[in-house]
Each structure stands twice: as structure tokens, then as C-alpha cells.
Amino acid sequence: MLDQLHQLPADPILGLAAMARADSRADKVDLTVGIYMDEAGVCPVFKAVRDAQGLLAQEETTKAYLPPAGVEGFNQGMQKLLLGADHRALLDGRVSSVQAPGGCGALRIGAEIIHAATPGATVWVSDPTWPVHIPLLGSVGLQFANYRYYDPASHGVNFEGMVEDLKGAGAGDVVLLHGCCHNPCGADLSLEQWSVVADMAEAQGFLPFIDIAYQGLGDGLDDDAAGLRLLAGRLPELIVAASCSKNMGLYRERTGAAMFICRDQQNAQALVSQALVAARRIYSMPPAHGALIAGRILGDPVLDAAWRSELVEMCSRINGLRSDLRSKLEAASGRDFAFIEKEKGMFSFLGLSAEQAVKLREDYGVYMLNSSRINVAGVNAGNIDYLAESVAAVL
Ligand SMILES: Cc1ncc(COP(=O)(O)O)c(C=O)c1O
């Protein structure tokens, strides 16, 4: 029965990362996978996470299953982190959430809820979007349509094109939006543009589904959630998939939340019951470790303040790398790379062709996706000159 199953190709991003790891060149540069790396090229553990972990290790008395909705303190903490503690929707009690295995798990739970409400609903995704959105949502049975988003010529959002395309989204459709730090392009909507999206959702009746995996890595925790908060204040319904992988560095602990903003409290509770039935079909209970840590941090003023300041440091390092990279690339190539500084979060398209990206990989050991998406956080003082010179050499 099983020997008819053939070998599948590796995931394109993880496959490239494996190639980079296997490359023996001392000056290789790996800018493939979206994980934050420090100056030493290490994905660090937040000190606040270590401290919370230490406390938990002393206090933990059981490894019994979590309740199906996960750690209560984590769920409450995440709602406040995402919406702000005094958001009208929270005060009105029309918000609910469940813990999920990472942002991916939250996206999948959101997709299951959408499919339960409208089987085979169409989800409008940005062109381009994070490639994993397609299997994650599509395997549930949802359909896709694209809306224009990134304009390679201006390296910014083609908002006119986006609005024109989204005029085709109506009631029963879902519009997937990146909450901040768009993956892969780093180009985000302004607050005015979020407001136009809210107008369109109100007028046309589509449901926004916000994927927010990088809150705190663009302009800070509150600014990065401003679009989400605006929509939650204006619209009757919204689904959010949030991740603690990047902003708490809990990648491998699979820590995320699916949050529902609904017309009223009763509907918000109904959605939790739907989410739990969906989770039961897939993985039953969420994993405990990451959510206990995150819940502990969010619920403890001292740990929370320490975590926030570490995150601010991380965010300013990324923004500093953006300016440095812009200057070095401009100096090495004589071309304009100002866009790198305007983008948010960990990603940027350098604007190279696939042939140039492959040449960088093969001739220089500089690894980026064929689309020339780089993880800016993989740049450091030790590799930035070599990176800039290599890019200039293939241009
Ligand atoms: C846009 C986007 N959404 C969601 C996720 C999911 O993150 P995780 O499942 O690791 O929490 C990622 C991770 O890279 C992402 O880039």
C-alpha cells in the first residue's frame, strides 16, 4: 500500500535552508528562513522567556492535558496584546480566542471555522503572499482568488490595484490580510489604507482574516496592531491568527492564538465551540510549554516589561540593519535601495531575477529565495560587506 507513494520535493524554503547548512564555504550567508538572528548569527532565547521557563520548572506539578482551549491566562493575555486592553470589542465581550499550535495552527483553525460557515468559501490572498497560506487553507477546502498587492517597480503596495481587485469580494468571501511586516515583501498598508479596507468590508460584506505573525517587529507592538484594531472597532466580524514564534522567539514551542471578533458574546462563545471541535479533529489539545511561558510573561508586569524591552531592541536592530544594508548596497552597486529602509519587519525583495539569485547561491554562497526575498535579520556586521559586494557583482 505504501510503496506507491513517491518522494516529494522538499519545501522550497526549508530545502534552500538545508542547502545553505550543507554549504562548506566559510563566508556563506543564509538569508532564507524567516527566523530572527542576532549579531552572532544565532536565533536567541529571550531572557524573559528563560526567566518564565525557570519559574515554571519550579512550579509545574503536572503534565496532564491542557483544557482544549489552552492556557486561560495566555488566551486573555493574547487578546489584550492584539487588541489593546481597553479596546471596545473586548469591553463589549464580543471577543474570544483559543490557543493554537503556532500561527500555522491558528490559520488552520480559522480556515476550519470559515469552511464550517461557508463551505468552499473564496479566500482572497495578496499577490504575493506567504506560500504556506495556500496548503494551510486550501487543504480545508477553501478556494482562492488573488488581489494585487506588491508593485515591484515602486517596491511598495499597489493600493489602487488592491482596491480594484477587492471590489470583486462580496458577502461570503474572506480577505486574508497580513497584520504587519508583510511576508514576503515587507510593504505594509498605512492606517488610511486599512481604513479604506474597513470601508470596503462594511459596504461589500466580506470577512477580513488577519494573519499577524510579526507584531512588534515593525514599528512596535501597538503600531503593528493598529490596522487590526481599526478593523476590530469598525466591523462586526473578524478572524485573527496570531503567532508568538517571532515576537517571543518561541518558534519550536508552537505557540499561537486564533481570535474571533464577533457580533456579540454569544456568537463569540459559539465560535470557541466550533474551534474546539475542529481542533479535536486535527490535534485535540494544544501543546503546553510555549503558552505557559507566554501566558506567564503577559500576566506578570516585571516579565512583561523585560520582554517588551528586549523586543524593542530586536526591532531597532532590524531597522538599523535595514539602513546599513541600504547604504552598503548603494555604495557597492551605485543603485537605489532606499526601499529597504521603508519596509517593515524581517523581509525584503531585493529586486533580483531568479537567475541572479541562483548565481548568488552558486558562485558566492549567498542564499536567498529565487524571488530574491531575504531575511534582513540574517544580516550582521560580519557578512554585510560580503553580501553587498556579492549582490553588486551579479547585478
Ligand atoms: C506570514 C506568516 N504567517 C504565519 C506564520 C506562522 O508562524 P508559526 O506557525 O511558526 O507560529 C509565519 C511564519 O513564518 C508567517 O511568516
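The values are calculated or read from the model by the stated rules, or taken from the named source; none is laboratory data. Please read these numbers as outputs of a predicted model, since none were measured by experiment. Note that we place each Cβ from the backbone using ideal geometry, even for glycine, and neighbour counts take in every protein chain shown. The accessibility values were calculated without ligands, DNA or RNA, using every heavy atom of the protein model including side chains. Shrake-Rupley method; radii C 1.70, N 1.55, O 1.52, S 1.80 Å.
Results, tabulated for the structure shown:
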item: The chain - percent of accessible surface contributed by carbon and sulfur, probe 1.4 Å; result: 54 percent
item: At R0 = 25 Å, FRET efficiency that the Cβ-Cβ distance of E362 and L8 yields, to 0.05; result: 0.55
item: Per-selection metrics, region 1-134 (Cα): Rg and Dmax in Å; result: 20.6, 58
item: Total charge dipole magnitude, region 250-395, about the Cα centre, Cβ charges on Lys, Arg, Asp, Glu only, Debye to nearest 20; result: 580 debye
item: Solvent exposure of region 55-207 as accessible area per residue, Å², 1.4 Å probe; result: 41 Å²
item: Theoretical gain in end-to-end length, L191 to R252 [0.36 nm per residue, Cα-Cα removed]; result: 18.7 nm
item: Cα gyration tensor, region 174-303 - rounded (a/c under 1.5), prolate or oblate; result: oblate
item: Order by protection proxy (mean Cβ within 10 Å, highest first), peptides 361-373, 181-193, 8-20; result: 181-193, 361-373, 8-20
item: Simple Cβ-charge dipole of the chain, Lys/Arg +1 and Asp/Glu -1, about Cα centre, in debye nearest 20; result: 760 debye
item: Region 51-150: GluC sites (Glu not before Pro) falling in loop per DSSP and having at most 15 other Cβ within 10 Å; result: E60
item: Karplus-derived 3J(HN,Hα), 6.51/-1.76/1.60, for each residue of region 64-78, Hz, glycine and proline x; result: 4, 3, 6, x, x, 7, x, 7, 4, x, 5, 4, 5, x, 5
item: Whole-number accessible area per residue in Å² for region 240-381, which is evaluated in the context of all protein chains at 1.4 Å; result: 41 Å²
item: Structure-based [θ]222 nm, the chain - -39500 (n - 2.57) summed over DSSP H runs of at least 4, per residue, nearest 500; result: -14000 deg cm²/dmol
item: Simple spin-label estimate for S139 and A64 in nanometres, 7 Å along Cα-Cβ; result: 3.2 nm
item: Mean shadow area of region 298-363 over all directions, Cα convex hull, nm²; result: 6.2 nm²
item: For region 327-395 versus region 142-189, the gap between their alpha-carbon centres in whole angstrom; result: 24 Å
item: Selection from P9, G161, P44, by position along the positive dipole direction of the chain (Cβ); result: P9
item: Most positive-pole-ward Cα, P236, S126, Y364, against dipole of the chain from beta carbon charges; result: P236
item: A381-A18 pseudo-label distance in nm [points 7 Å out on the Cα-to-Cβ vector]; result: 3.6 nm
item: Estimated FRET transfer efficiency (A153, D219; beta-carbon r; R0 30 Å; 0.05); result: 0.75
item: Residue-by-residue Karplus 3J(HN,Hα) for region 377-387, coefficients 6.51, -1.76, 1.60, Hz, glycine and proline x; result: 5, x, 8, 8, 4, x, 10, 5, 5, 4, 4
item: Built amide H within the under 5 Å cut-off of L207, gap 5+; result: G172, D173, V174, V175
item: Antiparallel DSSP beta bridges within the chain, percent to nearest 5; result: 45 percent
